Amino acid sequence: MKYIVVLGDGMADWKCDEIDGKTPLEFANTPNMDRIAERGRCGMLKTVSQGFDPGSDVANLGVLGYRAEECYTGRGPLEAVSMGIDLKPADLAYRCNLVNVTDGVMNDFSAGHISSAEGALLFKELNEKLPARARGYPGVSYRNLLVIGDGKGATTKPPHDITGEKIAEYVPKGGDEDILAECVAISREVFKDSPVNKKRIAEGKTPATQIWPWSGGKKPVLENFREKYGVTAGMISAVDLLNGIAVCAGMKTIKVPGATGYLDTDYKAKADYAVKALKDGLDFVYMHVEAPDEAGHLGSLKEKVLAIERLDGVIGEILDAFEGEDLKIAVLPDHPTPIALKTHTADPIPFAIMGPGIEPDNCQVYSEAEAAAYGGYGQLNAKDFLRTFFGN
């Protein structure tokens, strides 16, 4: 038996007036997701533990069966693990966005989806000015890290949650607030005169005006995935967060050329690499696609529907590749990212599982409403999802 979970980040949504009161999942043309729902079994899944913000970190840990209450320390350290950063026991790693703040307002949490190469140049300039206890590490696009030595932690806010709002009331509080404020102030000065930003402005692009540190924590420890479930496992994702979770869990991280973590990601390449990994001997692949979430944060209904349809297309390729073979496949998001909010919610999400031994229920299509009304699994807690999927 081979197993694959296809996770469309932020794919679930609310009903949208622009598409006659349907959700993007209901509106999109998804024959392959619908085939999984019709021939398989559906349900709703609570992915975010009580008391935690509905981020992809907590939600994906939940889908993988790890309880945030027991293992979660912050998003930053998970990404640090993926990037190969050796965190010392006293180090505290913060996720650190490159953002655009204009007149005190969070204008763009991604600085116009700045390129990785541009981000690396900005962080090179920044590191020349940061205090000795602080060090910036460039990542993918706007997603970077700030590591504070002898860190104390701080209460922070994700920048994508405050788009269009004044930032003053959301700056880090407590613990590391002074050094974080110092680093942010230095970034404003450095970025103001950076050749990178001057070039972006000349090209009509959004400049990165400062860094925004959030979700800091110390290095986490996760139970080994193979020991937990009895299968060999691989992770396909373009974002450091998911790859960091994989490294901590002892899963193989599978790098895919053309995977960007954005709307232009190479869906087919991800599917091809997932199929190859399973054919070459892995038991299980977790294939994560960020694009629907990015579309949700942009508030773009058109792009979200397109991302869902592109994902559905490569699900069809996966199903065709295993025609006549024993494959168990699940499709789900990690959390909703409603177009109307441009950020995440903790609402339960729909899932569908198809494969040998799965008795179909009455669901005919894959959607939030169908899974809630007719799903044979009812509502599960995230910690039980993979055990249900694997049948153990």
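Mind listing whichever residues of the range 284-314 are outside any helix (DSSP H, G or I) and surrounded by 24 or more Cβ atoms within 10 Å (Cβ to Cβ)? Result: Phe284, Val285, Tyr286, Met287, His288, Val289, Glu290. Just one of the numbered conditions (1) surrounded by 17 or more Cβ atoms within 10 Å (Cβ to Cβ); (2) more than 15 Å from the chain's Cα centre (by Cα); (3) outside any helix (DSSP H, G or I); (4) not assigned by TED's automatic domain parsing to the domain that holds Val247 is not true of Asp86: (1). In the range 107-122, is there at least one residue being within 24 Å of the chain's Cα centre (by Cα), buried (at least 19 other Cβ atoms within 10 Å of the Cβ), in the same structural domain as Tyr170 (by TED's automatic domain parsing) and assigned to a strand (DSSP E or B)? Yes, the range 107-122 contains a residue that is within 24 Å of the chain's Cα centre (by Cα), buried (at least 19 other Cβ atoms within 10 Å of the Cβ), in the same structural domain as Tyr170 (by TED's automatic domain parsing) and assigned to a strand (DSSP E or B). Among residues of the range 192-226 being in contact (Cβ under 8 Å) with a residue 12 or more places away in the chain and among the charged types (D, E, K, R), the one that is surrounded by the fewest Cβ atoms within 10 Å (Cβ to Cβ) is Lys192. Here the range 4-57 is the region considered, the condition is being closer than 23 Å to Val231 by Cβ and either among the β-branched types (Val, Ile, Thr) or not assigned by TED's automatic domain parsing to the domain that holds Ala382 (or both), and the residue that is surrounded by the fewest Cβ atoms within 10 Å (Cβ to Cβ) is Val5. Please verify whether the range 325-343 includes one or more residues that are crowded, with 16+ Cβ neighbours inside 10 Å, touching a residue at least 24 places away in the same chain (Cβ under 8 Å), over 15 Å from Leu25 (Cβ atoms) and polar (S, T, N, Q). Yes, some residue in the range 325-343 is crowded, with 16+ Cβ neighbours inside 10 Å, touching a residue at least 24 places away in the same chain (Cβ under 8 Å), over 15 Å from Leu25 (Cβ atoms) and polar (S, T, N, Q).
The test for being under 26 Å from Val58 (Cβ atoms) and free of Cβ contacts under 8 Å to residues at least 40 places away in the same chain does not hold for Asn243. Of everything in the range 2-57, what is among the hydroxyl-bearing types (Ser, Thr, Tyr) and in a loop (DSSP other than H, G, I, E, B)? Give them in sequence order. Thr23, Thr30, Thr47, Ser49 - these are the residues of the range 2-57 that are among the hydroxyl-bearing types (Ser, Thr, Tyr) and in a loop (DSSP other than H, G, I, E, B).
Identify all residues within the range 373-392 that are within 22 Å of Gln50 (Cα to Cα), surrounded by fewer than 16 Cβ atoms within 10 Å (Cβ to Cβ) and either small (Gly, Ala, Ser) or touching a strand residue (DSSP E or B) at 6+ places or on another chain (Cβ under 6 Å) (or both); write none if there are none. Passing the criteria: Gly378, Gln379, Asn381. Say whether the condition of being surrounded by fewer than 22 Cβ atoms within 10 Å (Cβ to Cβ) and within 19 Å of Gly8 (Cα to Cα) is met by at least one residue in the range 244-253. So far as the range 244-253 goes, yes, one or more of its residues are surrounded by fewer than 22 Cβ atoms within 10 Å (Cβ to Cβ) and within 19 Å of Gly8 (Cα to Cα).
Residues that are touching a residue at least 24 places away in the same chain (Cβ under 8 Å) and either out of contact with any Gly (no Cβ under 9 Å at 6 or more places or on another chain) or within 17 Å of Val99 (Cβ to Cβ) (or both) within the range 171-191 comprise Pro172, Leu180, Glu182, Cys183, Val184, Ile186, Ser187, Glu189, Val190, Phe191, listed in sequence order.
Select from the range 233-269 the residues that are under 22 Å from Gly281 (Cβ atoms), of a type in the set (Ser, Thr, Tyr) and part of a loop (DSSP other than H, G, I, E, B) and list them in ascending order. If the condition is that a residue be under 22 Å from Gly281 (Cβ atoms), of a type in the set (Ser, Thr, Tyr) and part of a loop (DSSP other than H, G, I, E, B), then Ser237 is the only one that fits.
The values are calculated or read from the model by the stated rules, or taken from the named source; none is laboratory data. If you're wondering where the values come from, they're calculated on a predicted model, not measured in any experiment. Note that each Cβ is placed from the backbone with ideal geometry, even for glycine, and that neighbours are counted across all protein chains shown.
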